[in-house]
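Chemist: Can you keep this structure in mind? I'll have questions shortly.
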Amino acid sequence: MTAPLSYTHGTSETVLLGDTIGANLDRAVAAWPDREALVDVPSGRRWTYAEFGVDVEKLAQALAASGVTKGDRVGIWAINCPEWVLVQYATARIGAIMVNINPAYRTHEVEYVLGQAGVTLLFASLSHKTSDYRAMVEQVRGSCPRLREVVYIGDPSWEALLTRGTGDAPYEELSCDDPINIQYTSGTTGFPKGATLSHHNILNNGYFVGELIAYSEQDRVCIPVPFYHCFGMVMGNLAATSHGACMVIPAPSFDPRATLEAVQQERCTSLYGVPTMFIAELNLPEFATYDLSSLRTGIMAGSPCPVEVMKRVVAEMHMEQVSICYGMTETSPVSLQTRMDDDLEHRTGTVGRVLPHLEVKIVDPVTGVTQPRGAAGELCTRGYSVMLGYWNEPEKTAEAVDAGRWMHTGDLAVMREDGYVEIVGRIKDMIIRGGENIYPREIEEFLYAHPKIRDVQVVGVPHETYGEEVLACVIPHDAADPLTLEELRGFCQGRLAHYKVPSRLQILDAFPMTVSGKVRKIELRERYGV
């Protein structure tokens, strides 16, 4: 008898949603008008579903009156705030495509994204920490000819935009298969690629993630993860609104104290984060003083959770039903998830099993043949969640999504007999630092411009807090005048997102090579990853 194959699909009596995001929100407003939809803890602002629906419509009308139509790209380069959420739902209502821009991006990166997506209207924060968004926008605006308007959140330009809405601007008819969102994922070829997602992709993914942790209108979801990722805007916002739950914003960016204070003050039932966030919360000196008894569930994703951390999250944070999710931006994002009653070993040793209405398989990376269960291979997924494609990059889309519509994740995985999946490595050399995906090629191409660098290879090496950190291995032009780490970091400052800036530097005479002339990155990781 042959061993069962590493293939499984998610059956469900719950049907897929055929709504657009706007129509789904309308149903939530009608069902739960008086329940809270959104709470911004820093500003104290609150919206019921009825109030949220009114403000989404106001912004949608204002965008329509400003000439934004179905298919136009509207960028958002902002920290977590209520306006971010309003933009998300208002653009969806009129069929505009919202382009998420990472708030950590610097001019080099934002200029590329604005141009590649053809953004015509941009929403931006004024500033956050060391970022002056207005100054950076002015710096790149001249090279983005399609960008005709910038609206700053917290600035008179926001109110000025809202006054344009007449309340009766007609919207074009929308399909749930229309593109609605572009999310840029770090590219292996030097620039990020724009994963293009539809209403159907992200609404259903948010809905089923919420279903698997039993969301209802009674839930209050604390979202300290960024909205510009699918984690925040899909697993957070769309999971909440499709169930009538409340979205709670604890802070503009992650702050462990603000997060626990928000859970306590707002009696949140669910909390999100990557493992490093939960570790930061658990390690607060005053952790034991917070009343977290309202929590029952939450989502942990981004990297594997250490067993001891999971034990404390369940026992001390009252998150008995916490769920692990695995996915990628290109799959809207979640394809595998643990269930509420899974044991500790499944929550820490695996990334769960397939979601309803999706398929996963594990194949030999060379032949593409499905592997028997227990054998390692490349994880592939297929179904409603697979992106429409990379924006204006059909060749790159074809590299990632095969003729059978299977998305190739690039991750090495093993499917157990019970259908649960373990991630055992990465085919490519992606670095995951604190939940942020980093592709070495992008950093390498950037660093080649440094006058002291003749050749460079970037690898991820282990780090106690972040999981991995970025190591740059450099062959200098002049061995007598090698690069210093301070010079390297100074060159990157303000031009690369902070999490991509190498934290370690190794000066070499040569790289270890294969017989075919390829750099052996695995050897660099092993040699210097101590």
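Chemist: If you take the charge dipole of the chain about its Cα centre, with +1 on Lys and Arg Cβ and -1 on Asp and Glu Cβ, which of Ser242, Gln371, Trp32 is farthest toward its positive end?
Modeler: Sorting the options by dipole projection puts first Gln371.
Chemist: Calculate what fraction, in whole %, of the accessible area of region 23-124 sits on carbon and sulfur atoms when a 1.4 Å probe is rolled over the protein chains.
Modeler: About 51 percent, which is the carbon plus sulfur part of the accessible surface.
Chemist: Oh, and also: Output needed: Cys residues of the chain lacking any neighbouring Cys C-beta below 4.7 Å, sorted by number.
Modeler: Cysteines lacking a close Cβ partner in the chain: Cys81, Cys144, Cys176, Cys230, Cys246, Cys305, Cys325, Cys380, Cys473, Cys492.
Chemist: In whole percent, and with a 1.4 Å probe on the protein chains, what portion of the accessible area of region 326-430 is carbon and sulfur?
Modeler: 51 percent
Chemist: What residues qualify as long-range amide H neighbours of Val150, i.e. H under 5 Å apart, gap of 5 or more or another chain, H built at 1.01 Å from N?
Modeler: HN-HN under 5 Å from Val150: Leu122.
Chemist: Another question, if that's okay. DSSP loop (so not H, G, I, E, B), at most 16 other Cβ within 10 Å: list which GluC sites (Glu not before Pro) in region 395-439 pass both filters.
Modeler: Counting only loop positions with at most 16 other Cβ atoms within 10 Å, the GluC sites (Glu not before Pro) in region 395-439 are Glu417.
Chemist: What list of ³J(HN,Hα) values in whole Hz, one per residue of region 211-223 in order, does the Karplus curve 6.51 cos²θ - 1.76 cosθ + 1.60 (θ = phi - 60°) give from phi, with Gly and Pro shown as x?
Modeler: 4, 6, 10, 6, 5, 8, 5, 7, 8, 10, 9, 7, 10
Chemist: Using a 1.4 Å probe over the heavy atoms of the protein chains, calculate the carbon and sulfur portion of the accessible area of region 241-291 as a whole percent.
Modeler: Roughly 53 percent of what the probe reaches on region 241-291 is carbon or sulfur.
Chemist: Cα-Cα over 26 Å: which of Lys193/Lys361; Lys129/Lys396; Lys58/Lys193; Lys452/Lys500?
Modeler: Over 26 Å Cα-Cα: Lys129/Lys396; Lys58/Lys193.
Chemist: Before I look further, what does the chain give for accessible area per residue, probe 1.4 Å, in whole square angstrom?
Modeler: 39 Å²
Chemist: Oh, and also: Each residue of region 485-501 in order: what ³J(HN,Hα) in whole Hz does its phi give by Karplus 6.51 cos²θ - 1.76 cosθ + 1.60, θ = phi - 60°, with x for Gly and Pro?
Modeler: Karplus values, whole Hz, x for Gly and Pro: 4, 5, 5, 4, 5, x, 5, 7, 4, x, 10, 10, 3, 4, 6, 8, 6.
Chemist: Where does the chain land at 222 nm, in deg cm²/dmol rounded to the nearest 500, when only DSSP H runs of n ≥ 4 count, each adding -39500 (n - 2.57), divided by all residues?
Modeler: Computed mean residue ellipticity for the chain: -8000 deg cm²/dmol.
Chemist: Oh, and also: Report the calculated FRET efficiency for Arg454 and Asp132 (r = Cβ-Cβ distance, R0 = 25 Å), to the nearest 0.05.
Modeler: The computed FRET efficiency comes out at 0.15.
Chemist: Hey, another quick one. Specify which residue in the list Ser127, Gly115, Asn102 is farthest towards the positive end of the charge dipole of region 51-129, using unit charges on the beta carbon of Lys, Arg (+1) and Asp, Glu (-1), about the Cα centre.
Modeler: Value computed over the given set: Gly115.
Chemist: Summing Lys, Arg as +1 and Asp, Glu as -1, what charge do residues with Cβ under 15 Å from the Cβ of Asp40 carry, Asp40 excluded?
Modeler: Cβ neighbours under 15 Å give a net charge of -4.
Chemist: With θ taken as phi - 60° and the coefficients 6.51, -1.76 and 1.60, list the Karplus ³J(HN,Hα) couplings across region 306-316 in order, rounded to whole Hz; mark glycine and proline as x.
Modeler: Listing the rounded values in order: x, 4, 5, 5, 4, 4, 6, 4, 5, 7, 9 Hz.
Chemist: Taking amide H atoms as placed 1.01 Å from N in the peptide plane, list the residues 5 or more away in sequence, or in a different chain, whose amide H sits under 5 Å from that of Ile97.
Modeler: Here the answer is Gly71, Asp72, Arg73, Val74, since their amide H atoms fall under 5 Å of that of Ile97.
The values are calculated or read from the model by the stated rules, or taken from the named source; none is laboratory data. The shown structure was predicted, so the numbers you read here are calculated from the model rather than taken from an experiment. Virtual Cβ from ideal backbone geometry, glycine too; neighbours counted across all protein chains shown. The accessibility values were calculated without ligands, DNA or RNA, using every heavy atom of the protein model including side chains. Shrake-Rupley method; radii C 1.70, N 1.55, O 1.52, S 1.80 Å.
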